[in-house]
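Q: The structure under discussion is supplied below as structure tokens; questions concerning it will follow.
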Amino acid sequence: MPATPYDALIIGSGQAGNPLAYALAEAGRRVALIESAHLGGSCVNYGCAPTKMLLASAQRAHLVRTAGELGIRAPEPVVDFAAIVARKDRLTQDSRNGIEQSLTTEHPNIRLVRGRARFTAPNTLHVDLHDKKAGHEQLTAPLIFINTGTRAAVPLIAGLEASGYLTNDTLLLGLTELPEHLLILGGSYIGVEFGQMFRRLGSRVTIIETSATLMDREDTDVSRPLQELLQAEGVELVLEAEARHVSRNEADVLTLTVDTPGGERRLRGTHLLVATGRVPNTDALDLQLAGIPTDEDGYVQVDDDLRTPAKGVYALGDVKGGPQFTHISYDDYRIVRDQLLHGRPRNYHERPVPYVVFTEPQLGRIGLSKDQAREKGVPFRVSRLPASTIGRAVETGRTEGFVEVLVGDDDRLLGAAVLCEQGGEIMTMFQLAMTGGLRYQQLENLVVAHPTWAEVLNNAFQKLGRGQ
Ligand SMILES: Cc1cc2nc3c(=O)[nH]c(=O)nc-3n(C[C@H](O)[C@H](O)[C@H](O)COP(=O)(O)OP(=O)(O)OC[C@H]3O[C@@H](n4cnc5c(N)ncnc54)[C@H](O)[C@@H]3O)c2cc1C
């Protein structure tokens, strides 16, 4: 069967694939977008959005539970997990429907192909169609965009497969009962968000982590306060622990055996969430048939313009390695769009990489951490303001955390770590100042409405000292 020709093929309905399909279609190109699972990819279905929906319920429960701190007596909240899951499922389905409508009815130049794609040659894809009667199809185009994302990495641990475990996918797409005791393997950003969420929903939670602190990519004096806040809420931690074995008995109790510096420990729980990292969805793409190299972890290798060595083939989003965030994947789309449709090349290495851990309080991060500045030999001064000194924090009873800023020799901001209520929004204000090249004195002297969280811009730099 001859291959059906298009102007562009997009593999994956992720955070880059969908907007790129719209942009190309609006520019008059005929596009086929191939998706093997849910429209919207990770963020919409088993990543950002559903976690934040569940977190919103958990945070509401916590607000009710702690209402007495502000003089409001409320009974212990009843967590209706079925209703929480139903809300998440409804909102997720709404998002999928919106994407489907946009792809199939609002852009006549786009054809949505439901199936799994793999390369057969540099510019040709074979798609195993979901429609079994139709079977498969060959598609060809001078431009192909790989936006296939990642999935949870599952470590090789004896007994894991037989005992049953959750990943972000199976938890967010299918968990219907509230775990009595959730063991979380992996104490990075995903593990930490799920940990606080389920603790607040009423589960017992134990996070098991190989490093000596949670979120060990952050400066220790940034991750440790968050770790202590989680512990204060009753999240149990088993650190410097290496998982060795998993089993499940007839009473459905799961036992995770770990090695720790203090010896072997057997941790019992009802559910096990594996959150130990991600692997790229490249193993079934037959990239070698198109001459597309990957690195040793399977991530597609691209140049500064997100081009692979195969002519006309690009990789966008998580699958190309590097920081794995929705806004990074979306920006990859903008880079490719500007390059192909507007003749405006932009190097992706130059963009900022802000991110937020959506615990309460949030941790917002932008630019260099202290450790990174030291590693790069960048001179810096640092100022850390306890959140308890912010007027708005005192008024609202949200005094946990701190606001930390790094300033270079030229008085411009190098980075910020904001562990604080509204941490993501406050961090974004620092990002804006960095983008505009403002000196810190301009923020100190900015007239800011009182009493907002933004007032921290005036006070954050009070304690500037020498960083190294
Ligand atoms: C639990 C969790 C929470 C997160 N929270 C945040 C957050 O708060 N903020 C943030 O910025 N990021 C967050 N992320 C990361 C974010 O979800 C991802 O960085 C982002 O969704 C990546 O999008 P993408 O465009 O690379 O691909 P994806 O959105 O992963 O899309 C890839 C698509 O390709 C499809 N596909 C794969 N192989 C094939 C094939 N052979 N043929 C056809 N289709 C295929 C997949 O089915 C999928 O739909 C979170 C991730 C997780 C797991």
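Q: Using a cut-off of under 19 Å, list every residue of the range 340-369 whose amide N is near the label point 7 Å from the Cα of Lys311 along the Cα-to-beta-carbon line.
A: 340
Q: Moving on. Using a basic spin-label model with each label point 7 Å from the Cα along Cα→Cβ, how many nm lie between Asp409 and Ser211?
A: Taking the simple label geometry, Asp409 and Ser211 are separated by 3.0 nm.
Q: Moving on. If the only charges are +1 at each Lys and Arg Cβ and -1 at each Asp and Glu Cβ, what is the size of the charge dipole of the range 160-276 around the Cα centre, to the nearest 20 debye?
A: It works out to roughly 260 debye.
Q: Could you calculate the contour length gain from Ala27 to Asp286, that is, 0.36 nm times the residue separation minus the distance between their Cα atoms, to one decimal place in nm?
A: Taking 0.36 nm per residue and subtracting the Cα distance, the gain is 90.3 nm.
Q: Further question: Summing Lys, Arg as +1 and Asp, Glu as -1, what charge do residues with Cβ under 13 Å from the Cβ of Arg204 carry, Arg204 excluded?
A: So the surrounding residues net to 0.
Q: Using unit Cβ charges (K, R positive; D, E negative) and no other charged atoms, how large, in debye to the nearest 20, is the dipole of the chain about its Cα centre?
A: Using Cβ point charges on Lys, Arg, Asp and Glu, the chain gives about 660 debye.
Q: Once Rh for the range 49-127 is found with the Kirkwood sum over Cα pairs, what is the Stokes-Einstein diffusion coefficient at 20 °C and 1.002 mPa s, in µm²/s?
A: Value of D from the Cα-based Kirkwood radius: 129 µm²/s.
Q: Give me the mean projected area, in nm² to one decimal, of the convex hull enclosing the Cα positions of the range 1-98.
A: The number I arrive at for the range 1-98 is 9.1 nm².
Q: Which of rounded, prolate, oblate describes the chain, given a ≥ b ≥ c as roots of the alpha-carbon gyration tensor eigenvalues and a/c under 1.5 marking rounded, otherwise prolate only if a/b is larger than b/c?
A: Oblate shape, in that a/c is at least 1.5 and b/c is the bigger or equal ratio.
Q: So, in nm, how far is label Ala74 from label Lys132 when the simple model puts each one 7 Å beyond its Cα toward the Cβ?
A: Between Ala74 and Lys132, the simple spin-label model gives 4.9 nm.
Q: For every helix of n ≥ 4 consecutive DSSP H residues, a contribution of -39,500 (n - 2.57) applies; sum these over the chain, divide by its total residues, and give [θ] at 222 nm rounded to the nearest 500 deg cm²/dmol.
A: Helix contribution divided over all residues of the chain: -9000 deg cm²/dmol.
Q: On to the next question. For the range 160-276, how big is Rg over Rh, using alpha carbon atoms and the Kirkwood form of Rh?
A: 0.95
Q: I would also like to ask the following. Kirkwood Rh, the range 33-187, all Cα pairs: how many Å?
A: For the range 33-187, the Kirkwood estimate is 19.1 Å.
Q: Label the range 88-141 by shape, choosing from rounded, prolate and oblate, from the square roots a ≥ b ≥ c of the eigenvalues of the Cα gyration tensor; if a/c is under 1.5 it is rounded, and otherwise prolate applies when a/b is larger than b/c, oblate when it is not.
A: Verdict is prolate for the range 88-141.
Q: Taking the beta-carbon count within 10 Å as an exposure proxy, list Glu360, Glu228 from fewest neighbours to most.
A: Glu228, Glu360
Q: A follow-up question, please. Once both labels are modelled 7 Å past Cα along the beta-carbon direction, what's the Arg265-Asp169 spacing in nm?
A: Calculated label separation equals 3.0 nm.
Q: If every alpha-carbon in the range 361-463 counts as one equal scatterer, what log10 I(q)/I(0) does Debye give at q = 0.14, 0.16, 0.19, 0.25 1/Å?
A: With no solvent term, the Cα-only Debye profile gives -0.47, -0.61, -0.86, -1.44.
Q: Give me the Kirkwood hydrodynamic radius of the range 110-226 in Å, from all C-alpha pairs, to one decimal place?
A: 18.1 Å
Q: When a footprinting reagent is the concern and you count Cβ atoms within 10 Å, what order do Cys43, Cys48 take, fewest first?
A: Going from sparsest to densest Cβ surroundings: Cys48, Cys43.
Q: Please compute the length gained on full extension between Gln372 and Thr396, using 0.36 nm multiplied by the number of residues separating them and subtracting their Cα-Cα distance.
A: So the chain would gain 5.3 nm between Gln372 and Thr396.
No value in this document is a laboratory result; all are computed from the given coordinates. Source: prediction; values computed, not measured. Positions of Cβ are backbone-derived with ideal geometry, glycine not excepted, and every protein chain shown enters the neighbour counts.
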